[in-house]
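Encoded as structure tokens, the structure appears first; notes follow it.
The values are calculated or read from the model by the stated rules, or taken from the named source; none is laboratory data. The shown structure was predicted, so the numbers you read here are calculated from the model rather than taken from an experiment. Cβ: placed from backbone, ideal geometry, glycine included. Neighbour counts: every protein chain shown.
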Amino acid sequence: MPPGWHRTCRRRRLPRGRGEAAAVLILERAEHAAARSHTPRALLAGCASTTDAHHPTAPHPDGRGLKQAMRAALADAALTPRNVDHVNAHGSSTVLNDAVEAQAISTVLPDGPFGTSTKGALGHSLGATGAVDAALTVLSLQHGLIPPTANLESLDPAFDLNLVVKVAANEHLGVALSNSVGFGGHNVVLAFRTP
């Protein structure tokens with residue numbers, strides 16, 4: 001792993017290990033689900049992928065790739081930032097990545113939807129992370145329950161984020177984004193909405 005991979009974020013005290021996890025999302029056309037009288041848990045309304053290729057492991061300091069992916073996913077879903085109720089952040093718990101993602105979220109979604117990151121509770125499951133976060137985002141939409149960001153001790157006042165901490169939040173959710181950020185500047189954003 002690259003140097004500093006397990007560096008703990010100054011604002012969080014998180015386990016220094018990786019998480020073990022797996023998740024599978026089954027995508028089905030709406031007409032196929034309707035033909036068998038199935039109501040989906042959520043609808044994948046839009047998606048986008050970008051690569052800024054700034055550095056082998058670090059995101060671009062201004063978060064341009066993630067901002068572009070978030071905006072493109074919303075456009076693909078024919079949604080505006082005001083439609084977003086919840087963001088499941090990648091939240092890798094490293095100082096640089098968390099600051100870049102926080103800045104990207106607060107820029108693209110200035111109305112401050114509810115945000116959370118699950119890695120404080122689950123650890124970083126590397127290749128499975130995107131699927132796990134997407135599945136948890138779908139479950140949040142389905143149940144109207146946003147899990148808290150575990151082990152978050154204080155918020156950086158430089159970023160205007162509406163993070164769920166300490167206890168889960170019961171909220172009526174219609175639209176949620178799931179952010180995934182990977183090595184090499186890869187960014188994927190999925191936009192889900194309730195059926």
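A compact table of results
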item	result
Test: Leu145 is surrounded by fewer than 17 Cβ atoms within 10 Å (Cβ to Cβ), within 30 Å of His38 (Cα to Cα) and among the hydrophobic types (A, V, I, L, M, F, W, C)	yes
Filter result for Pro113 (closer than 23 Å to Gly46 by Cα and surrounded by 15 or more Cβ atoms within 10 Å (Cβ to Cβ))	yes
The range 126-135, residues that are in contact with a strand residue (DSSP E or B) (Cβ under 8 Å, 6 or more places away or on another chain), in contact (Cβ under 8 Å) with a residue 60 or more places away in the chain and within 14 Å of Ala42 (Cβ to Cβ)	Ala134
Residues of the range 78-121 satisfying the condition of being polar (S, T, N, Q) and either farther than 14 Å from Leu173 by Cα or within 14 Å of the chain's Cα centre (by Cα) (or both)	Thr80, Asn88, Ser92, Ser93, Thr94, Asn97, Gln103, Ser106, Thr107, Thr116, Ser117, Thr118
Hey, Thr107 buried (at least 21 other Cβ atoms within 10 Å of the Cβ), of a type outside the set (Lys, Arg) and without any contact (Cβ under 8 Å) to a residue 60 or more places away in the chain or not	no
Sole residue being assigned to a helix (DSSP H, G or I) and within 16 Å of the chain's Cα centre (by Cα), chosen from Ala75, Ala69, Ala45	Ala69
Count of the range 139-195 residues which are in contact with a Gly (Cβ under 7 Å, 6 or more places away or on another chain), at negative phi, small (Gly, Ala, Ser) and modelled with pLDDT under 95	2
